[in-house]
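In what follows, a structure is listed as structure tokens, so that the remarks can point back to it.
The values are calculated or read from the model by the stated rules, or taken from the named source; none is laboratory data. Just so it is clear, the structure is predicted and the values come from calculations on it, not from any experiment. Using ideal geometry, Cβ is built from the backbone for each residue, glycine included, and neighbour counts are taken over all protein chains shown.
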Amino acid sequence: MISRFVPVLLGGIFILLMGAYGDGCRSEREVGTTTCVACHDGFSGSDQSEFLESSHFFMDCETCHGPGGAHVANAGRGGLFIDNPDTFGFLEGIADCADCHQSDFDGFLESRHAATEAASCIDCHNVHRPGGFPFDAEEGLPLNSAQYAESCAECHAPEVSGTAMSVHGQFEIATCGTCHDMHLADTFPQSPEDNSLCLQCHQYNLPDDAAVDFHTGGFHPVDPAGSGASRCVDCHMLPHSAAGGILVSSDHRLFTVAPEVSNNAIEAGVVPVPPNTCGGVIGCHDPGVPGSGVPHDHTNAGQNSVFQVLYESIGDIP
């Protein structure tokens, strides 16, 4: 008879103890990480066992999830009595990150990701795993192309696909993180407007202005920020998506596009006519940009033919 009451008695004592512990002077910690991981083992609850090997292992789960006493007393049923940042508002869900990552957090708040609420810290980082990403990453090592692709492709599939086709992607000599820092307002660690972004790696083959001038056939004097001439991104990253006239995406294959491509589109009746490397991109042979070179209307088949000759004289550089 007594045995029937033992579970009830023990359960009551456990709840009383939890209540006594909670009523005293306490911090957020009520049960500790060991207790959390004991249940979050992939069987009783979601598997968070890798947390013990993550860079956040020194923190208790309750630092970010709040006191866990009542949650444990309820045996975790329904995910009740515990904070889950995934269910919070955009900023509220990542506020805890600022406690340790203030500089990254401040930069992120100025980024397009935050401004449009397109992605939060926890969309790109999984704090329960080694490396802090939603995929396997060696602690302390730079992410490789495949790992960046897995994360970034969730929202930027065309760009990731294009990068994979580029020389950068095929030879894994540059990743998304080489050109973009998601914790900066404009995501660029260096400016694409004066070629410094590209020259951070291409100094070996374009060591000075004379080399850049030679690379572009001698027709494009080097004054990128002032005139738009010899700007790497205007030749190698043509726009392929725009909203309200504002460029929101560009071709990450890095291929130059011959003027004859625009002519082929004209013959096929494609509207609008796609730009090519020589024309149709603001700053490149644009009549509205002083100093950008001989004006070129990429919708004019005759002009495209003339520029095709010049394009071929420079060389079909991918």
> Can you pull out the residues in segment 192-216 that are part of a loop (DSSP other than H, G, I, E, B), surrounded by 14 or more Cβ atoms within 10 Å (Cβ to Cβ) and not charged (D, E, K, R)?
Replying inline: 192, 195, 206, 216
>> Show me the helices (runs of 4 or more DSSP H) found entirely inside segment 1-120 where at least 1 residues are modelled with pLDDT under 90 and over 23 Å from residue 131 (Cα atoms).
In response: 2-23, 112-115
> When segment 162-182 is examined, which residues are found to be in contact with a helix residue (DSSP H, G or I) (Cβ under 9 Å, 6 or more places away or on another chain), surrounded by fewer than 18 Cβ atoms within 10 Å (Cβ to Cβ) and in a helix (DSSP H, G or I)?
Replying inline: 164, 170, 177, 178
> Of all residues in segment 147-159, how many are surrounded by 14 or more Cβ atoms within 10 Å (Cβ to Cβ) and over 27 Å from residue 101 (Cα atoms)?
Replying inline: 2
> With 226, 245, 269, 288 as the choices, which residue is modelled with pLDDT under 85, on the phi > 0 side of the Ramachandran plot and not aliphatic (A, V, I, L, M)?
Replying inline: 245
> Given the conditions (1) more than 14 Å from residue 238 (Cα to Cα); (2) modelled with pLDDT of 90 or more, which single one is not true for residue 262?
Replying inline: (1)
>> Checking residue 100 against (1) of a type outside the set (Val, Ile, Thr); (2) closer than 19 Å to residue 54 by Cβ; (3) touching a residue at least 12 places away in the same chain (Cβ under 8 Å): exactly one of these is not met. Which one?
In response: (3)
>> Is it the case, given these coordinates, that residue 254 is touching a helix residue (DSSP H, G or I) at 6+ places or on another chain (Cβ under 9 Å), at pLDDT 85 or above and buried (at least 18 other Cβ atoms within 10 Å of the Cβ)?
In response: yes
>> Could you list, ordered by first residue, the pairs with Cβ atoms under 7 Å in which the first is in segment 52-66 and on the phi > 0 side of the Ramachandran plot and the second is surrounded by 16 or more Cβ atoms within 10 Å (Cβ to Cβ) and not in a helix (DSSP H, G or I), at least 6 apart or interchain?
In response: 66/82; 66/83
